[in-house]
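Down below is the structure, laid out as structure tokens.
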Amino acid sequence: MNFVPYAVPFFMLLILVELAWGLLKGNNTYRINDSLNSMSIGMLSVVTKFVFLNIGLLVFSNIGQNYAIWSFDMASTGHWLLGLVLYDFLYYWYHRISHERQFFWGSHVVHHQSEEYNLSTALRQTSTSFLTTWVFYIPCFFLGMPIYMYVSIATAQLIYQFWVHTQHIGKLGFFEWFFVSPSNHRVHHAQNPEYIDKNYGGLLIIWDRLFGTFKEEDEELEPIYGIRVPLKSWNPLWANLHIFVNMARDAWRTNNWKDKFRVIWSPTGWRPADVAQRYPVYKSDLSRFEKYDPKLSIWAKYAVIGQYVLLSLFHFWSVEQEAMLPYELLFAVVIAQLLTVMVIGALLDGKSLVRGLELSRLVVMTGILVSAYTTNLFSMEWLYYGIVYLVVSASLMWVCIKREWSNELVSSSNPA
């Protein structure tokens, strides 16, 4: 059973509670651009599953039916607990290798890009997990774990990890000897040299204690969140692909044929010597660290929040309709949401290309509506709903763009 859809409303409520608590206590850990970007990436991770083949489930089913050497009993509480411990143990190694090897880091990096640390950060989930994640859980199915048990345990463990993404809960004493807590997970998200690549556990922290990767949070060393080579972009597509693109560039640029293949499986951060010399990459100076924070006018902030509320309604509708929509329409839904979050990202970045990108979005989405209606993929009633959505969405986006464009003209005409 997938518990995540039932948990999403509580996630949203707890994000609002944390925001209110931070404002009340004078310790707000949210920024509009960062939080919207986290939620955009979370949306993409959900909708891309609509159209990408779930290789993992196919492999799992085949192994479970033909090669299982044992069988979990779903009626046994002991077997459920055993399954939870097994899954969490495999998660530890998946998570650790996702930090230690370049190819796997390419898929996991999106979860660490935020330079803030709050509950919205937990929503930053990869859209490329179909490439990497499932490989680590194959032992579950050689041992005969039913798909239902696997999905239930995996989603329950994922939900547990939500609450540890906060700065408002301190150390929890004895609890932290066994379970992942906000304190030891803050260490995991930090890029300080003392903290980096520590505390990989999902539910149990005992794996880190056993395998030497545990680090306690030092109250005199404040975590600096983010990744060592900052992304400096709110583009959710680029957030998912930049490591893979950089790997491809390094493989193309190096003159050493062995290094062309080594790039893929190398330790995270490794680069061919000749490429590193010609195309150096500069890491953040943590002694003078500044967060990436392009500014928006107040009206543009209101409009982009309105746009995001509208997009969220569309997103939740698409999740509810997933099982009933034809594949062509599912693909169109993914494209529509991808284009919208890319325009929002370009707006938050303050990029001049946002106007052309928005025009392209409107053209593509209009084409989707017309094509879907003329090919009888949906009725006239749904066409009306689509038109209303597009008009309201375009209006909100135009307010954002107009405000920012006006600010650019004022700035450029100011002799100072």
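Which residue is nearest to Leu237 (Cα to Cα), if the candidates are limited to segment 82-129 and must be in contact with a Leu (Cβ under 6 Å, 6 or more places away or on another chain) and outside any helix (DSSP H, G or I)?
Ser127
Checking the condition surrounded by fewer than 14 Cβ atoms within 10 Å (Cβ to Cβ), among the acidic types (Asp, Glu) and in a helix (DSSP H, G or I), which residue from Glu358, Glu381 passes?
Answer to the check: Glu381.
Can you tell me which residue is surrounded by the most Cβ atoms within 10 Å (Cβ to Cβ) among those in segment 136-184 that are without any contact (Cβ under 8 Å) to a residue 24 or more places away in the chain and in a helix (DSSP H, G or I)?
Pro182
Kindly indicate whether any position in segment 244-255 is modelled with pLDDT of 95 or more, within 27 Å of Tyr160 (Cα to Cα) and either in contact with a Ser or Thr (Cβ under 7 Å, 6 or more places away or on another chain) or assigned to a loop (DSSP other than H, G, I, E, B) (or both).
no
Among (1) touching an Asp or Glu at 6+ places or on another chain (Cβ under 9 Å); (2) in the same structural domain as Gln157 (by TED's automatic domain parsing); (3) in a loop (DSSP other than H, G, I, E, B), there is one condition Leu221 misses while meeting the rest; what is its number?
Failing condition for Leu221: (2).
Pull out all pairs, ordered by first then second residue, where Cβ-Cβ is under 7 Å, the residues are six or more apart or on different chains, the first lies in segment 362-384 and is free of Cβ contacts under 8 Å to residues at least 12 places away in the same chain, and the second is exposed (fewer than 13 other Cβ atoms within 10 Å of the Cβ).
none
Under 9 Å between Cβ atoms, which residue pairs at least 6 apart in sequence (or on different chains) link something in segment 343-357 that is outside the structural domain of Val399 (by TED's automatic domain parsing) and under 10 Å from Ile401 (Cβ atoms) with a partner that is surrounded by fewer than 19 Cβ atoms within 10 Å (Cβ to Cβ) and among the small types (Gly, Ala, Ser)?
Within 9 Å, no pair qualifies.
For Arg271, state whether it is surrounded by 13 or more Cβ atoms within 10 Å (Cβ to Cβ) and basic (Lys, Arg).
Details: surrounded by 13 or more Cβ atoms within 10 Å (Cβ to Cβ): yes; basic (Lys, Arg): yes.
For Arg271, the condition - surrounded by 13 or more Cβ atoms within 10 Å (Cβ to Cβ) and basic (Lys, Arg) - is met.
Within segment 64-81, which residues are assigned to a helix (DSSP H, G or I), among the polar types (S, T, N, Q) and in contact (Cβ under 8 Å) with a residue 60 or more places away in the chain?
Passing the criteria: none in range.
Before we move on, is Ala323 part of a helix (DSSP H, G or I), out of contact with any Asp or Glu (no Cβ under 7 Å at 6 or more places or on another chain) and either assigned by TED's automatic domain parsing to the domain that holds Gly306 or modelled with pLDDT under 95 (or both)?
Working: part of a helix (DSSP H, G or I): no; out of contact with any Asp or Glu (no Cβ under 7 Å at 6 or more places or on another chain): yes; either assigned by TED's automatic domain parsing to the domain that holds Gly306 or modelled with pLDDT under 95 (or both): yes.
Taking the combined requirement at face value, the residue does not satisfy it.
Which members of segment 243-257 meet the condition of being loosely packed, with under 14 Cβ neighbours inside 10 Å and over 16 Å from Leu231 (Cβ atoms)?
Ala248, Trp252, Asn255, Asn256, Trp257
The values are calculated or read from the model by the stated rules, or taken from the named source; none is laboratory data. Bear in mind the structure is a predicted one, so any value in this text is a computation, not a measurement. Cβ sites come from the backbone with ideal geometry, for glycine too, and all protein chains shown count toward neighbours.
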